[in-house]
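Since every read-out is calculated from the coordinates, none of them should be taken as a lab result. These figures come from a predicted structure and were not determined experimentally. All Cβ positions, glycine included, derive from the backbone under ideal geometry; neighbour counts span all protein chains shown.
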Amino acid sequence: MKNYELRNGVSIPEIGYGTWKTPDGETCEKAVETAIRLGYHHIDAAMVYGNEESVGNGIKNSGIAREELFLTGKVWNSDRGYGRTIRAFEKTLKDLQTDYLDLYLIHWPASPNQYRCWEALNRETWEALTDLYKSGKVRAIGVSNFRRNHLTPLLDAEVIPMVNQLELHPGMVQADIVSLCREHQILLEAYSPLGNGKLLNSKELSEMAEHYGKTPAQICIKWNLQHGFLPLSKSVNEDRMRANLEVENFEIAEEDMRKLDVLEGFADGNDPDKVPF
Ligand SMILES: NC(=O)c1ccc[n+]([C@@H]2O[C@H](COP(=O)([O-])OP(=O)(O)OC[C@H]3O[C@@H](n4cnc5c(N)ncnc54)[C@H](OP(=O)(O)O)[C@@H]3O)[C@@H](O)[C@H]2O)c1
């Protein structure tokens, strides 16, 4: 698999494997182990998914050397602030059964609708990530679900985010925050690259997939790669996991890319300033 390079020079495999909604326990352990065996060497985890220990077991059972794997964690909203973030990070390390992470993200920004001092809270959480980075416990740091108003205050920080993980898929292009991230060499990771599965029912997408002799999921993943995004797809099904990696031998034409950009009706589009969590 090819890699992207983060603004600090760290390599990151260009397709990642998601673990949200993967049931904790045996299903998750098996899924992660299988994904690694099939060639996913980049795993996207988060404390709030409630399955970090199973993800850690799956990694261990796969027998992969730790340095062959790119492992991401995220600090959840209830752990914002300096001290809580450091403690959440240590628990994540313990549950994933590792002594470092490759990438640690702020899962959602504190927003002006929730807190009067939202900007200070985001800075404090960011300072904790910065110290973890400087101490060598994490190789890269970033944010998730940050739009322009949340990201801008961090652009004059000592260390600038290296990644922003956003909902990105056909019909969800987030043009404003994408252009700000590009301006600052912040890699865009695409969560829900298959629109959480719902997108795969789109008639237009199915017709296009047939035209290319590919599956709708492969078209979504390729669309992300052609935009320079890093897709994080999730499946617990071995055949789908395998197929979702087979996107090398074709190219989506420019006019079809533009049609996919404006596909309507499949965006969750959770606004970080309005979410109730
Ligand atoms: N930072 C954030 O706030 C945030 C938010 C959401 C997600 N994420 C991350 O992004 C990852 C991916 O996003 P996601 O889980 O929302 O959704 P996704 O990858 O867009 O879609 C997953 C859904 O599609 C199905 N699927 C996968 N491959 C398929 C295929 N080839 N054909 C048919 N169906 C297929 C899966 O079912 P099966 O498992 O049954 O195959 C599952 O229901 C998450 O797991 C998580 O790591 C981050």
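Before moving on, here are some points about what is shown:
- Residues located in the stretch 1-23, provided they are loosely packed, with under 15 Cβ neighbours inside 10 Å and not in a strand (DSSP E or B): Met1, Lys2, Asn8, Gly9, Lys21, Pro23
- Considering residues of the stretch 29-55 that are in a helix (DSSP H, G or I) and surrounded by 24 or more Cβ atoms within 10 Å (Cβ to Cβ) only, the residue nearest to the ligand (Cβ to nearest atom): Ala31
- Across the stretch 1-27, the number of residues qualifying as more than 12 Å from His42 (Cα to Cα) and within 13 Å of the ligand (Cβ to nearest atom) comes to 5.
- Candidate set: the stretch 162-211, residues that are of a type in the set (Asp, Glu) and assigned to a helix (DSSP H, G or I); chosen: the one surrounded by the most Cβ atoms within 10 Å (Cβ to Cβ): Glu204
- For the stretch 230-239, filtered to residues that are surrounded by 15 or more Cβ atoms within 10 Å (Cβ to Cβ) and not hydroxyl-bearing (Ser, Thr, Tyr), the residue that is farthest from the ligand (Cβ to nearest atom) is Leu230.
- Test result for Leu245, outside any strand (DSSP E or B), more than 11 Å from the ligand (Cβ to nearest atom) and not charged (D, E, K, R): no
- Residue in the stretch 195-229 that is farthest from the ligand (Cβ to nearest atom), counting only those that are of a type in the set (A, V, I, L, M, F, W, C) and in contact with a His (Cβ under 8 Å, 6 or more places away or on another chain): Trp223
- Those residues of the stretch 102-160 which are charged (D, E, K, R), in contact with a Ser or Thr (Cβ under 7 Å, 6 or more places away or on another chain) and surrounded by fewer than 20 Cβ atoms within 10 Å (Cβ to Cβ), in sequence order: Glu158
- Cβ-Cβ distances below 7 Å connect the following pairs, each with a first residue in the stretch 190-201 that is over 7 Å from Leu232 (Cα atoms), a second residue that is more than 6 Å from the ligand (Cβ to nearest atom) and in a helix (DSSP H, G or I), and a separation of six or more residues or different chains: Leu194/Cys220; Leu199/Leu205; Leu199/Cys220; Leu200/Pro216.
- Candidates in the stretch 49-72 are the residues that are closer than 22 Å to Ile12 by Cβ and in contact (Cβ under 8 Å) with a residue 40 or more places away in the chain; of these, the one that is farthest from the chain's Cα centre (by Cα) is Gly56.
- The helices (runs of 4 or more DSSP H) found entirely in the stretch 58-154 that carry 2 or more residues being more than 16 Å from the ligand (Cβ to nearest atom), aromatic (Phe, Trp, Tyr) and at negative phi are 82-96, 118-134.
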